[in-house]
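> Sharing a structure here in structure tokens format.
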Amino acid sequence: MLHKISFPILIVSMIATPLLALKPQTYEKDHPLTPDQAALVNQSIAREKATIQEIQQRTPVVETYIQDMRPDPKLYEVPVADYYVLGRVDFGKVFYDQEYARRETAKQGFFSGSHAAIERVGTLLGFGSKGYSSAGFMDMMFVDPSGYDQQHYAFSYVRREFLGSIRTDVFDVHPKVRGVGRFYGRVWIEDEGGNIVRFNGTYVNGTKGLTYNYYFHVDSWRTNIQPDLWLPTAVYVEETHRTESEQSPGLKAQTHFWGYSLKLPTRDSENVSVKVDDAVDQSGDSGDVGPLEASRMWVSQAENNVIDRLEQAGLVAPVTQGGYEEKVLDQIVTNLAVPNNLAFPNPVHARVLLTDTIEATTVGNTIIISKGLLDSLPSEEAIASVVAMEMAHVALGHHVDTRYAFNDRLLFPDESTFQRINMYHSDTDNAEAAKVATGYLENSMYKDKLANAGLYYAQLVDRAKVLKAINTPTLGDSLLKSDGTPWMADLAKQAPKVDPDDMTQTAALPLDSWLKTDAWDDHVQMITAKRYAPMNAREKMPFEVTPVFYRLQRYGTAPLQTAATPQVAVPTSTADAGNQQAAPDANKPQPTNEAQTQ
């Protein structure tokens, strides 16, 4: 059932459960704005209204990942539990939940409708107490969707600041009038179009009322994804404690938005066509098709249908010619295929699943690896270990159900079930593939570095005990068995003991370490960030959520470069992962080409 929620919406962002003691809220004295400053504020008010109207026409994918954190005497803090929500949200007429449900819990299918997904995010973050709306999720996107203006808020100029190449004016903001969920914090307004590009703060009840001791604090970022169009891209949330108790867990969370250009299929019909691009004319091929070739072509047809559907839904990134998939992942495929004499009937390529979950799978000759998995892998040999297992699935003929060769089985709107697509392998298939993959690695250029790859699995096993949500696959296979041991157990056995105090040992990286997703068209690319060696155990943060900071730039400008300290694109060892400098060209990751050494 669809629940209509019209704009504007008034939301509360309270983290306290149960409600906490009340105290008066006071603010610093306002400083009068100059005419130019007041004009920029008024421009931002108009642009914010236009941004809300623009978002109402969009159906982006929205992903929220939350980690409960507790203090740790050695590591400062460590995750003790996690929660994950992924949905496609229609911001038009309704919020309807299209939550990507887990296999073991899904009863209504892969999507179950965005109102419930939004409520789930709010519930996990502690919203919903004493009748307050659990849709506090929306506070991550807007300063105040119903009252951001000079009648409701006082603005005080702070300074001028560059965020990347974007010059902004910074203002402190607090409510003038009472109201539940009024914003209290700071906004960054770019000086050309008057768009809010960042806001950082919390929510209160108003200047004359009472307020709570603890709030939901957000640091929300927008990017210029189209000309004069700045839309929410990422949000970071952090709370030291959820309640007044020193024993209550804190939290860190990130929300990412992508797929703003995705079109929502019509709700009037289940028959939504799948567009197939780049068709190849084979009319000139001579000869008939034999039984084996026909069987392979039938399987391939099913697999192509599935890949097209996943890309259309915003789950799998489109391939960028000369991009990360080709330069890094496909090169690793070659590095494994050549020494093992793997002659696949059709080329094997890799694609990126745009989720933070730690998972991988295959669809025919296409290897699919999640962004979260790739981000956390610290070395080329670790990536190769994942690729090797998926290549083994391909070589062993572990393919998707051929019923998807009939296109009508995939003709359904995005809000309908994806549970019909069987994307994961059986335990028997995974065990067989792991054994074969180990052989591939031992015959490859990575054979002397397998202990480094095994270190990743050892760290994953340790953290997976509490990070259960991120290790629960959305579409494919976990790297771990149901008993918590890795499928690539032989590699884990070769690994040294995980030692947080060893600064030369990088077992796993934090999330968002390598790739970023274009919020408009879903392409992925390497981030152009400086690389620093950790100075202590606290800075390693394997699989952890970290703050969001963007070096913003205007649409159509060249990517920002860091020439002084070029980025390590794909390190060739875990030691390299900790070095500040390595690869000579940050935009051209170059794994060693095994084919050139044969």
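The values are calculated or read from the model by the stated rules, or taken from the named source; none is laboratory data. These figures come from a predicted structure and were not determined experimentally. FYI the Cβ positions are ideal-geometry reconstructions off the backbone, even for glycines, and counts take in every protein chain you see. Note: areas computed on protein heavy atoms with side chains; ligands, DNA, RNA excluded. Shrake-Rupley method; radii C 1.70, N 1.55, O 1.52, S 1.80 Å.
> Calculate one ³J(HN,Hα) per residue across region 455-468 by plugging θ = phi - 60° into the Karplus curve 6.51 cos²θ - 1.76 cosθ + 1.60, and present them in order as whole Hz with x for glycine and proline.
Once rounded to whole Hz, the list reads 4, 4, 5, 5, 5, 5, 4, 5, 7, 5, 4, 10, 8, 7.
> Please state the equivalent ellipsoid semi-axes for region 438-562: what are the square roots of 5 times the Cα gyration tensor eigenvalues, largest first, in whole Å?
29, 19, 17
> On the protein heavy atoms, probe 1.4 angstrom, tell me the percent of accessible surface of region 297-379 carried by carbon and sulfur. Mind dumping the intermediate values first?
Working: 1080 of 2230 Å².
Here it works out to 48 percent.
> Another question about this same structure. For L231, enumerate residues with amide H under 5 Å from its amide H, sequence gap 5+ or separate chain, H modeled in the peptide plane.
Excluding prolines and chain starts, which carry no amide H, the hits are T223, I225.
> Using the Karplus curve 6.51 cos²θ - 1.76 cosθ + 1.60 with θ = phi - 60°, work out ³J(HN,Hα) for each residue of region 383-391 in order, rounded to whole Hz, and write x for Gly and Pro.
4, 4, 5, 6, 4, 4, 5, 6, 5
> Of K435/K493; K49/K252; K497/K540; K449/K481; K74/K540, which sit over 18 Å apart, Cα to Cα?
Pairs exceeding the cut-off: K49/K252; K449/K481.
> Sticking with this one: Under 11 Å from the Cβ of V41, count the other residues' Cβ atoms, weight Lys and Arg +1, Asp and Glu -1, and hand me the total.
Summing Lys and Arg as +1 and Asp and Glu as -1 gives -3.
> List every residue whose amide H lies under 5 Å from the amide H of R58, counting only residues 5 or more places away in sequence or on a different chain, with H placed 1.01 Å from N in the peptide plane.
Close amide H contacts, sequence-distant or interchain: F91.
> Kindly rank 376-388, 161-173, 491-503 from highest to lowest mean number of other beta carbons found within 10 Å of each residue.
Values: 376-388: 27.4, 161-173: 17.4, 491-503: 15.1.
Taking the mean over residues of other Cβ atoms within 10 Å, the ranking is 376-388, 161-173, 491-503.
> In nm, to one decimal, how far is the E432 label point from the R159 one, both placed 7 Å along Cα→Cβ?
Distance between label points: 6.3 nm.
> In addition: Please compute the length gained on full extension between A46 and N200, using 0.36 nm multiplied by the number of residues separating them and subtracting their Cα-Cα distance.
Full extension from A46 to N200 adds 53.5 nm.
> Quick query: amide H of A81 versus all other amide H atoms, modeled in the peptide plane; which residues come in under 5 Å with a sequence gap of 5 or more or a different chain?
The list, which skips near neighbours in sequence, is D68.
> Output ³J(HN,Hα) for region 309-314: one whole-Hz value per residue in order, computed from phi by the Karplus curve 6.51 cos²θ - 1.76 cosθ + 1.60 with θ = phi - 60°, and x for Gly and Pro.
Each residue's phi maps through the Karplus curve to give 5, 5, 5, 5, 7, x Hz.
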